[in-house]
Amino acid sequence: MTYLLRVVLPDRPGTLGAVASALGQEGADILSVDVVERHQGVAVDDLVVDLPSARPPDVLITAAESVRDVTVESVRPFFGPLDTARELELVEAVAAAPEEGITRLTDAVPRIFRSAWALVVEASTDDVWGDSGSTRVRRVASSSAAPETEAESLPWLPLRRAAVLDPAAGHTVPPAWTDLDTELAAAPLGRADRALVVGRPGGPGFRPSELARLSHLAGIVATITG
């Protein structure tokens with residue numbers, strides 16, 4: 001069974017090696033390592049780990065945290081492909097076919113951010129018979145695993161910058177979007193009334209560095225697609 005393990009560890013030589021050694025003693029094999037962020041002497045890494053089916057995932061937590069000052073933020077099954085240079089490949093694909101850019105973005109973002117789904121929504125105000133009109137939400141594109149439930153309204157649109165969407169903090173979304181304890185993040189896509197939304201069931205939560213990457217990628221795609 002393959003798992004995605006997010007670890008928070010001291011950013012000092014040998015620490016990641018010690019974690020790898022501890023995991024190896026439990027029969028786990030590290031398939032890939034992604035640096036999520038580094039700041040103030042602390043690193044956050046995503047490890048894709050293969051574990052024999054007879055072994056419970058809890059042993060990954062115990063093993064990693066046996067290394068001094070290491071904390072496991074989350075562990076969850078991982079079914080995605082092990083891609084490298086994912087963002088560059090997406091940009092190249094969008095540049096080759098700008099008319100399909102938004103669709104290619106929603107298809108690729110779940111792989112890039114190790115998430116389950118992505119969708120693009122757009123808010124518009126219809127002015128009817130001189131009234132101020134009502135705000136409607138339109139789904140522009142979505143990945144195959146995105147919730148089918150449509151949003152009737154998204155009061156947090158327009159969105160000025162990438163952000164974590166937290167219903168408890170007033171970011172209203174359809175309940176189906178937060179099933180399975182899904183963590184949500186969103187970034188403006190070319191303009192404030194259109195947003196790329198990413199869902200990660202079971203966590204981990206989106207960190208500031210991931211929001212920055214999401215915003216940067218959405219901005220590049222929006223520029224290419226016009």
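Side notes on the structure shown:
- Residue within the stretch 171-186 that is farther than 22 Å from Val36 by Cβ, among the acidic types (Asp, Glu) and within 19 Å of the chain's Cα centre (by Cα) present: yes
- Residues within the stretch 1-22 that are aliphatic (A, V, I, L, M) and out of contact with any Asp or Glu (no Cβ under 8 Å at 6 or more places or on another chain), tallied: 4
- Candidates are the residues of the stretch 188-200 that are farther than 12 Å from Leu119 by Cβ and in contact with a Leu (Cβ under 9 Å, 6 or more places away or on another chain); the one that is surrounded by the most Cβ atoms within 10 Å (Cβ to Cβ) is Arg200.
- Residue within the stretch 25-45 that is touching a Phe, Trp or Tyr at 6+ places or on another chain (Cβ under 6 Å) and not assigned by TED's automatic domain parsing to the domain that holds Val109 present: no
- Condition met for Asp45 (under 17 Å from Gly205 (Cβ atoms), surrounded by fewer than 19 Cβ atoms within 10 Å (Cβ to Cβ) and at pLDDT below 95): no
- Among the residues making up the stretch 158-176, those that are closer than 16 Å to Leu214 by Cβ and crowded, with 16+ Cβ neighbours inside 10 Å are Leu159, Ala162, Ala163, Val164, Leu165, His171.
- Apart from one condition, Val198 fits all of (1) among the β-branched types (Val, Ile, Thr); (2) at pLDDT 95 or above; (3) assigned to a helix (DSSP H, G or I); the exception is (3).
- When Ala151, Ala163, Ala145 are checked against the criterion of being closer than 22 Å to Thr103 by Cα, at pLDDT 95 or above and in contact with a strand residue (DSSP E or B) (Cβ under 8 Å, 6 or more places away or on another chain), a single residue qualifies: Ala163.
- Among the residues listed as Thr178, Thr172, the single one being in a loop (DSSP other than H, G, I, E, B) and of a type in the set (Ser, Thr, Tyr): Thr172
The values are calculated or read from the model by the stated rules, or taken from the named source; none is laboratory data. All values derive from a computational prediction rather than experimental measurement. All Cβ positions, glycine included, derive from the backbone under ideal geometry; neighbour counts span all protein chains shown.
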